[in-house]
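Engineer: After the structure tokens below, expect a handful of questions from me.
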Amino acid sequence: MIDEVARLGISFDCVIVAVGGGGLMSGVAEGLDRNGLAHVPIVAVETEGAASLAGSMAAGHRIELSRITTVATSLGARKVCERAFELTRSRSVISVVVDDQTAVDASLRLLDDHRVLVEPACGAVLATLYGAHEALAPYRSVLAIVCGGATVSVEWLQAWRPDPM
């Protein structure tokens, strides 16, 4: 993805990506490095109940969650991969954790705004954009990696909203 964006000449000053096990984030970092963009920060977004990277960053070592308690099941890795954790020590990685309600609401908003259905893992990334999260304040041109929707339906998203609008 980063190679394609770089080939197109699109300029950005940070990348937002959802983190489960850390593979996608690790791939984004490799793409940034390959394209001379190692200085670009990564905003790593997780949902509460699956925040193994955030917990590891806070602890200073990789931790293992006792269980996964999020509706964003594709982020359900109890332990982030070693490479992803290493990246938090070697480059700028900003951890953001959002709750399930916020992630689901953002998925539904994208559906309303653009007629595109994505799962709550992607909604976590979108929540940082829709909510203008303070982690994004220093940046002018944000690249958001939003992919995935095969494991969700509109009915499921609506059922996951404990407080319907």
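Engineer: Surrounded by 15 or more Cβ atoms within 10 Å (Cβ to Cβ), in contact (Cβ under 8 Å) with a residue 40 or more places away in the chain and part of a helix (DSSP H, G or I), is that true of residue 74?
Structural biologist: yes
Engineer: Just for the range 146-155: of the residues that are more than 13 Å from the chain's Cα centre (by Cα) and outside any helix (DSSP H, G or I), which one is surrounded by the most Cβ atoms within 10 Å (Cβ to Cβ)?
Structural biologist: By that ranking, first place goes to 152.
Engineer: Could you look through the range 109-145, keep only residues that are charged (D, E, K, R) and not in a helix (DSSP H, G or I), and pick out the one that is modelled with the highest pLDDT?
Structural biologist: Per the stated criteria, the residue is 140.
Engineer: Let me ask something else. Restricting attention to the range 1-38, report how many residues are over 17 Å from residue 144 (Cβ atoms), assigned to a loop (DSSP other than H, G, I, E, B) and free of Cβ contacts under 8 Å to residues at least 40 places away in the same chain.
Structural biologist: Final tally of qualifying residues: 3.
Engineer: Right, another one. Can you find, within the range 69-98, the residue that is nearest to the chain's Cα centre (by Cα) among those that are modelled with pLDDT of 95 or more and farther than 20 Å from residue 26 by Cβ?
Structural biologist: 98
Engineer: State which residue is farthest from residue 48 (Cα to Cα) when the search covers only the range 85-108 and only residues that are of a type in the set (Asp, Glu) and in a helix (DSSP H, G or I).
Structural biologist: For the range 85-108, the residue satisfying everything is 86.
Engineer: Can you name the residue in the range 110-162 that is among the aromatic types (Phe, Trp, Tyr) and touching a helix residue (DSSP H, G or I) at 6+ places or on another chain (Cβ under 7 Å) and, of all such residues, is farthest from residue 9 (Cα to Cα)?
Structural biologist: Of everything passing the filter in the range 110-162, 160 is farthest from residue 9 (Cα to Cα).
The values are calculated or read from the model by the stated rules, or taken from the named source; none is laboratory data. Just so it is clear, the structure is predicted and the values come from calculations on it, not from any experiment. A quick note on method: Cβ atoms are made from the backbone with ideal geometry, for glycine too, and the neighbour counts reach across all protein chains shown.
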